[in-house]
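Have a look at the structure below before the remarks.
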Amino acid sequence: MALALSLALARPGFTLQVQCEFAARGVTALFGRSGSGKTTLLRCIAGLERFARARVCFDDEVWQDESRFVPTHRRALGYVFQEASLFPHHDVRGNLEFGFRRLPRSQRKIQLDEAVSLLGLETLMQHRSEQLSGGERQRVAIARALLASPRLLLLDEPLSSLDETSKAEILPHLERLHDSLSIPMIYVSHALGEVMRVADQLILLDDGRVRAAGRLQELLTREDLPLAHLENAGAVLEGTIEAHDPAYHLSFVSIPGGRVALALKALPIGHRVRVRVDARDVSVALKPPELTSISNVLPATVLDLQPDRDPAQVTVRLALGNERLLARVTRRSADQLGLARGMPLYAQIKSVALID
């Protein structure tokens, strides 16, 4: 594990008490409702909460325990806040070079042109901060954090202050960081859609405690967790590009239990991908449907039926190979079909989104 911590921090009306470990690679999301302790936990990792009773170990280094406290500037991390906070008197290049030039050449693991390329900043280098959109400012802030050559990257709700257009602009760049860098990242968010796009592991916080931790795919569909019951609940499945059909502008992805079609992607055969399937885009049938416009129909087995926050609906958990899928159907349909645990049926998937 790259990071292990045990901490307690008491404040009026709230106590953060956490013991957990973070993976050495990929993105771990800290997810939970506002006020659950996500940002406070991130600040403890960064050394910004001096009086937390904590033991924080990163790789073979102890950053904090009863006898020592390594200050933030000596912890090998980068921190991206909710607001970009760029230097207004510098252009983008000046903001990026400010900390980069102060880092000894021998410690520069990420070069300026690499960070610029990863965040798509090539055409913005001469722009000042007031000329940038919110999404562009956050991309500069992330690049600036990377240029400190951190061994750990902390992102505190980097999209929370952005509109939907800016979020759509920056999310592909976050996905590129996930695919291109070996730096472990901890990503704070209360937006499930973001987490599904960028995370590998998930730690669910509730009222200052860890309610669950593990692989994203598993926690999204667990019946005892709130994630499977949210309005935008869904599943993330790992797969491989199997074939392309340029005539119909489609690509086919092999996933547990079969394959699905989605819009044509310029990816090589055999390329590993993740796909997102929202519960509201899945319906079920007892027999293979005929004469339907839905292309993605896969055999599945009912694991259980769970009450939904909408009393007119239920959430059906399905086994799809060795993975899990969610379907949201009306209670009336569930009763008419006689849905029950262990029943074989067919999952009809209306829409599949690729998470490259």
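The values are calculated or read from the model by the stated rules, or taken from the named source; none is laboratory data. Since this is a predicted model, take the numbers as computed values, not measurements. Note that we place each Cβ from the backbone using ideal geometry, even for glycine, and neighbour counts take in every protein chain shown. For the accessible areas, the whole protein counts, side chains as well, though only heavy atoms, and no ligand, DNA or RNA atoms are used. Shrake-Rupley method; radii C 1.70, N 1.55, O 1.52, S 1.80 Å.
Odds and ends about this structure:
- Checking Arg324, Arg331, Arg317, Arg309 one by one, the residue that is among the basic types (Lys, Arg) and in contact with a His (Cβ under 9 Å, 6 or more places away or on another chain) is Arg309 and no other.
- Test: residue in the stretch 165-178 that is more than 16 Å from Ile355 (Cα to Cα), open to solvent by 10 Å² or more (accessible area, probe 1.4 Å) and either at pLDDT 95 or above or assigned to a helix (DSSP H, G or I) (or both): yes
- Residue within the stretch 294-306 that is closer than 22 Å to His229 by Cα, among the hydroxyl-bearing types (Ser, Thr, Tyr), open to solvent by less than 70 Å² (accessible area, probe 1.4 Å) and touching a Gly at 6+ places or on another chain (Cβ under 7 Å) present: yes
- Positions within the stretch 318-348 being open to solvent by less than 30 Å² (accessible area, probe 1.4 Å), within 24 Å of Thr292 (Cα to Cα) and in a strand (DSSP E or B), in sequence order: Leu318, Ala319, Leu320, Leu325, Leu326, Ala327, Arg328, Val329, Leu345, Ala347, Gln348
- Within the stretch 268-293, considering residues that are crowded, with 16+ Cβ neighbours inside 10 Å and not β-branched (Val, Ile, Thr), the one nearest to Asp200 (Cα to Cα): Arg274
- Glu136 being open to solvent by 10 Å² or more (accessible area, probe 1.4 Å) and modelled with pLDDT of 90 or more: yes
- For the stretch 17-112, the strands (runs of 3 or more DSSP E) that sit wholly inside it and include 1 or more residues that are small (Gly, Ala, Ser), in contact with a strand residue (DSSP E or B) (Cβ under 6 Å, 6 or more places away or on another chain) and crowded, with 20+ Cβ neighbours inside 10 Å are 27-31, 53-58, 77-80.
- Pairs with Cβ under 9 Å, 6+ apart, first in the stretch 207-223 and without any contact (Cβ under 8 Å) to a residue 24 or more places away in the chain and under 16 Å from Leu5 (Cα atoms), second acidic (Asp, Glu) and in a loop (DSSP other than H, G, I, E, B): Ala212/Asp224
- If the condition is being more than 26 Å from the chain's Cα centre (by Cα) and either in contact (Cβ under 8 Å) with a residue 40 or more places away in the chain or farther than 20 Å from Ala143 by Cβ (or both), then the stretch 64-87 contributes Gln64, Asp65, Glu66, Ser67, Arg68, Phe69, Val70, Pro71, Arg74, Phe87.
- Qualifying residue in the stretch 125-148 (condition: without any contact (Cβ under 8 Å) to a residue 12 or more places away in the chain, more than 17 Å from the chain's Cα centre (by Cα) and in a loop (DSSP other than H, G, I, E, B)): no
- Taken over the stretch 156-185, the criterion of being touching an Asp or Glu at 6+ places or on another chain (Cβ under 9 Å) and β-branched (Val, Ile, Thr) is satisfied by Ile170 alone.
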